[in-house]
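Participant: Please see the structure below; I have some questions.
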Amino acid sequence: MTDTKRSAGERETVLYPFFSFFLGLAAGVAAGVDSKLAVPAAALFAAAVWIKPAAAVSGAAAAVLMLALEPAYEELPAGFDVELEGQRSIVDSGVHGNYYHLRTPAYGVVRVYGEQTGYGWCSVSGFVFNEEQLTSWHQADRTDMIKKNRISAILYEKEAECAEGVPDYWNRRDTAITALGTSGAESGPLAAALVFGDRSFIPEEQLHLFQRMGVIHLLAVSGMHVGLVSGVVWMMLLRAGLSRRTSLLILLIFLPVYAIAAGGAPSVLRASSTAAAAIVLAACMKRLPLVELCAIVGTAMLIWNPYILFHIGFQLSFLTSFAILLSRPFLANGGVWWKLTLTAQLISASAVLYHFFELSLLSLAANAFFIPLTALFLLPLSFAAAAGITVGFDYAVTAFMDVLLIPALRALKLLDMLEGHMLVTGALTPSVLTAGTLVSAGLLTLLTIGKRKTAAVVSAAVAGVIIFTIKQEETIVTFLDVGQGDAVLIRMQAEQESYLIDTGGELTFTDEGAERKKRGPAVRTILPYLRGEGVKSLDKLIITHGHFDHYGEACRIAEEIPVRLVYYPIHTTLEEGISEELACLHQHGAEIQLISAGMTWEKENHVFRVLHPSRPEAATENDRSIVIEAGIYDTTFLFTGDIEEEAERELLERGELRHVSILKAAHHGSATSSDEAFLHAVQPDTTIIQVGRGNRHGHPHADVLGRFRTIDTDIFRTDEHGSIRVIVTEQGYVTDPFLTETQ
């Protein structure tokens, strides 16, 4: 530290050179790895320069040097079998299954999906995964994920042979996690998460509830956990009669052991490293501001692995830590719990929305209740349960925890049932992320210096600007790329209503028969798009007919996003598959309504007419498809499902057809649809064909493409253009494909 004698007007922040260096380093890494983050990087660097210019420039220069010195590895041939040798890590789990990392001399770190036992130096053979091209907005960019996790490739293991077995301490950790997770008490899985950072036994529904209500961070081993555990160990050592210096030394040894046992997440590494650094300084009788201490730890973590900057846990952990440490005057004088919660929620809100697209407006209340409950009761009891595993005392403790946890979960569910508590913004740009974080930092600064009325006025003004600027009049119709299937989202922004026509659906075939794909179109494309566009619920889900490639993902979507009303064509009989799907939709609160020709409904500047079916009997399931004409401003859409020649002929005979602006080609461009007479009746300006790449049906048929060419219509195909947006306003429409010829 320098400049201890300061003039009255001098900034206090000149005492934070390590903080400035850390911000400069983070700015350099962000800009160097991902050019899309130029705006946040510039804001970080500007803040660093304002604090200490020399340190900021040094940090940015260090980032450039680190990235320049990154080793260049060979590239693994995607789509082929290979054999690799390297040092293997412990098996971990993710959304795609269990995996471990193989550190190889030639290819760097390779992520290997498999569960083969063993550790140490391993020989592994497997198939190198070829990352698919992104074909729709808001899809998970796995190529970007690989890059930002310092992984060179993904391998699916076929065989593996390792020199050593899994370390005994890790086996004991897994045994303890399994014992808690399968204890039979509802609190057992929660205890495993609080002590060891492992959420694998927590039910998916409960995890989703925690995430929606903004308390999911409590399940990650964090500074609060490390602080409480360190405090208890410290008191026990002193009570045992050990000297202060000896107790500090034992605590210094204990912290890295606990960090490993807790899973080594960025939050626990940050907290344990900060605590260890504080112990070393205390032993040396040196004093350093906690902000600087935290910055030193963050700098060390970035030097160890620059790409950890892109880990959401690292971002939120350091963002909230710095905000709390710099807001100490605001946190003083009573109300610590709610002030801590407000500070953490306010500074992290933009980052949470950037990564997850939604935030509960009740998260402050939920955290104000759950943080004390966890810190004072659930966390200590969880450690008691873990300690009692060897003597069979764990179930008694977790059963007692249930007395506290079960009513708390019920209260959380009641909060989640309140209408309108979720703020769903959709995907934020890096510029909006930066602006939101700066506003939050400004509000915390006003609160810290005691300007609460000014903070309230600024908050109201910002809210007004947001409400005024986000109102949009355009309607966006998106033909989503779901492979060989249909899914069309109609998002009326002015009316704040959304309709989904069909959901796609994919099957995988095994020895046991056909099964629904675990990561089908809903997970890959539809749900990310809905969340990214800020869709809170589906006002109407229109299932055109009972074929799996049109209804297969309906229930999965309803599990994630509320569906209010489902339209299905009138019928005499239902096949088992669609019957089960409709029952599932009903269980999730959707009203099921059978519709037929003649039904109409209107919204402001939007008119929807059902043209088909006119009767429940049809020669084929395809010919029972719902056909809808939608007039949006002066632009007309015709959604045709999978109708074939018989249904097309019936529509012609009834005089239902007229010129349309956009035609959704029937039955993926099959030769049994899009008859010449039908096409001449509708004369579409634009035709969109939803079809899977390299599908086994040969869609779209060459003859059908020839018919489209004769009527001079612009053709867009999801197998070539990916998802396709049609943006409609009073002035007309613009077609916007995700993939262009240059891509």
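Bear in mind these aren't lab numbers, they're just calculated from the coordinates by the rules spelled out. What you see is a predicted model, and the numbers here were worked out from it, not measured in a lab. Cβ sites come from the backbone with ideal geometry, for glycine too, and all protein chains shown count toward neighbours.
Participant: Give, as a single signed number, the net charge of other residues whose beta carbon lies under 12 Å from the beta carbon of Ala176, with Lys and Arg counted +1 and Asp and Glu -1. Let's see the in-between values first.
Facilitator: Numbers: positive: Arg172, Arg173; negative: Asp174, Asp198, Asp394.
After counting each charged neighbour, the total is -1.
Participant: Taking amide H positions as placed 1.01 Å from N in the peptide plane, with prolines and chain starts having none, which residues 5 or more places from Val109, or on another chain, fall under 5 Å of its amide H?
Facilitator: For Val109, whose amide H was placed from the backbone, the distant partners under 5 Å are Thr104, Ser152.
Participant: Could you calculate the FRET efficiency of Glu132 with Glu159 from 1/(1 + (r/R0)^6), where r is the beta carbon distance between them and R0 is 25 Å, rounded to 0.05? Display every interim value, and only then the final one.
Facilitator: Values: r = 25 Å, r/R0 = 1.01.
About 0.50, to the nearest 0.05.
Participant: What are the ³J(HN,Hα) couplings of segment 596-611, residue after residue, when phi is run through the Karplus curve with 6.51, -1.76, 1.60 and θ = phi - 60°? Round to Hz, x for glycine and proline.
Facilitator: For segment 596-611, the Karplus curve yields 8, 4, x, 6, 9, 8, 10, 10, 3, 6, 9, 10, 10, 10, 8, 9 Hz.
Participant: Another question about this same structure. PRE reach from Phe400 (point 7 Å along Cα→Cβ): which of segment 346-389 fall under 11 Å by backbone N?
Facilitator: Correct set: 381-382, 384-385.
Participant: Rounded to the nearest 500 deg cm²/dmol, what is the calculated helix-only ellipticity per residue at 222 nm for the chain, with -39500 (n - 2.57) per DSSP H run of length n ≥ 4?
Facilitator: Estimated from H runs of four or more residues: -14000 deg cm²/dmol.
Participant: Label segment 12-68 by shape, choosing from rounded, prolate and oblate, from the square roots a ≥ b ≥ c of the eigenvalues of the Cα gyration tensor; if a/c is under 1.5 it is rounded, and otherwise prolate applies when a/b is larger than b/c, oblate when it is not. Write out the running numbers ahead of the final one.
Facilitator: Values: a/c = 3.07, a/b = 1.58, b/c = 1.94.
Since a/c reaches 1.5 but b/c is at least a/b, the shape of segment 12-68 is classed as oblate.
Participant: Can you tell me how segment 475-737 classifies by the Cα gyration tensor, rounded, prolate or oblate, using a/c under 1.5 as the rounded cut? Could you put the intermediate results ahead of the total?
Facilitator: Details: a/c = 1.27, a/b = 1.16, b/c = 1.10.
In terms of gyration-tensor shape, rounded.
Participant: Amide H to amide H, which residues 5 or more places from Lys158 or on other chains are under 5 Å from it, using H placed in the peptide plane?
Facilitator: Close amide H contacts, sequence-distant or interchain: Ser125, Gly126, Phe127.
Participant: For each of Ile154, Ile202, Ile626, count neighbouring Cβ atoms within 10 Å of the residue's Cβ, then give the residues from fewest to most.
Facilitator: Details: Ile154 22, Ile202 18, Ile626 27.
So the ranking, lowest neighbour count to highest, is Ile202, Ile154, Ile626.
Participant: Among Cys284, Cys294, what is the fewest-to-most ranking by other Cβ atoms within 10 Å?
Facilitator: Details: Cys284 8, Cys294 26.
Sorted ascending by nearby Cβ count, the order is Cys284, Cys294.
Participant: If you don't mind, another one. Using the Karplus equation 6.51 cos²θ - 1.76 cosθ + 1.60 (θ = phi - 60°), what ³J(HN,Hα) coupling, rounded to whole Hz, does each residue of segment 560-569 give in order, writing x for Gly and Pro?
Facilitator: Calculated HN-Hα couplings, in order: 9, 10, x, 10, 8, 9, 10, 9, 9, x Hz.
Participant: Label points 7 Å out from Cα along the Cβ direction at Leu507 and Trp304: separation in nm?
Facilitator: Modelled inter-label distance: 5.0 nm.
Participant: Looking at the square roots a ≥ b ≥ c of the eigenvalues of the Cα gyration tensor of segment 81-166, which shape do they give, rounded for a/c under 1.5, prolate if a/b is larger than b/c, or oblate? The partial results should precede the final answer.
Facilitator: Values: a/c = 2.12, a/b = 1.91, b/c = 1.11.
Judged from the Cα gyration tensor, segment 81-166 comes out prolate (a/c at least 1.5, a/b above b/c).
Participant: Sort by residue number and report every cysteine in the chain with no other cysteine beta carbon within a distance under 4.7 Å.
Facilitator: Cys284, Cys294
Participant: Moving on. How far apart, in nm, are two points set 7 Å out from the Cα along the Cα-to-Cβ line at Ala38 and at Val233?
Facilitator: For Ala38 paired with Val233, the spin-label model returns 4.6 nm.
Participant: Also, quick follow-up: Calculate the FRET efficiency for Thr620 and Thr740 from the Cβ-Cβ distance with a Förster distance of 45 Å, rounded to the nearest 0.05.
Facilitator: Values: r = 37 Å, r/R0 = 0.81.
Working from the Cβ atoms, E equals 0.80.
Participant: Right, another one. In terms of modelled amide H atoms, which long-range or inter-chain residues lie less than 5 Å from the amide H of Leu423?
Facilitator: Leu359, Ser360, Leu361
Participant: As a footprinting exposure proxy, order Glu560, Glu159, Glu629 by other Cβ within 10 Å, with the fewest listed first. All intermediate terms of the calculation are to be shown ahead of the outcome.
Facilitator: Details: Glu560 15, Glu159 11, Glu629 21.
Least to most surrounded, the residues fall as Glu159, Glu560, Glu629.
Participant: Ok, one more. Consider a paramagnetic label point 7 Å from the Cα of Glu115 along Cα→Cβ; state which residues of segment 63-99 have an amide N under 14 Å from it.
Facilitator: 91-94, 96-99
Participant: With an 8 Å Cα cut-off and a minimum separation of 6 or more residues, compute the relative contact order for the chain in percent.
Facilitator: Working: 1354 pairs, mean separation 65.4, N = 743.
Computed over the chain, the figure is 9 percent.
Participant: Quote the FRET efficiency, to the nearest 0.05, computed for Leu373 versus Glu495 with a Förster distance R0 of 41 Å and r equal to the Cβ-Cβ distance. Before the final figure, lay out each step's value.
Facilitator: Details: r = 41 Å, r/R0 = 1.00.
For R0 = 41 Å, the calculated efficiency reads 0.50.
Participant: Here's another thing I want to ask about it. In the chain, which helices (entire DSSP H runs) extend 18 Å or more along their own long axis, judged by Cα positions, while averaging at least 1.0 on the Kyte-Doolittle scale?
Facilitator: Values: long enough: 17-33 (24 Å, 1.81); 38-51 (20 Å, 2.11); 53-68 (23 Å, 1.84); 168-181 (20 Å, -0.83); 223-239 (23 Å, 1.37); 244-261 (25 Å, 1.65); 266-283 (25 Å, 1.33); 290-304 (21 Å, 2.09); 312-326 (21 Å, 1.88); 336-356 (28 Å, 0.93); 394-416 (31 Å, 1.09); 430-448 (27 Å, 1.47); 452-470 (27 Å, 1.64).
Membrane-span-like by this rule: 17-33, 38-51, 53-68, 223-239, 244-261, 266-283, 290-304, 312-326, 394-416, 430-448, 452-470.
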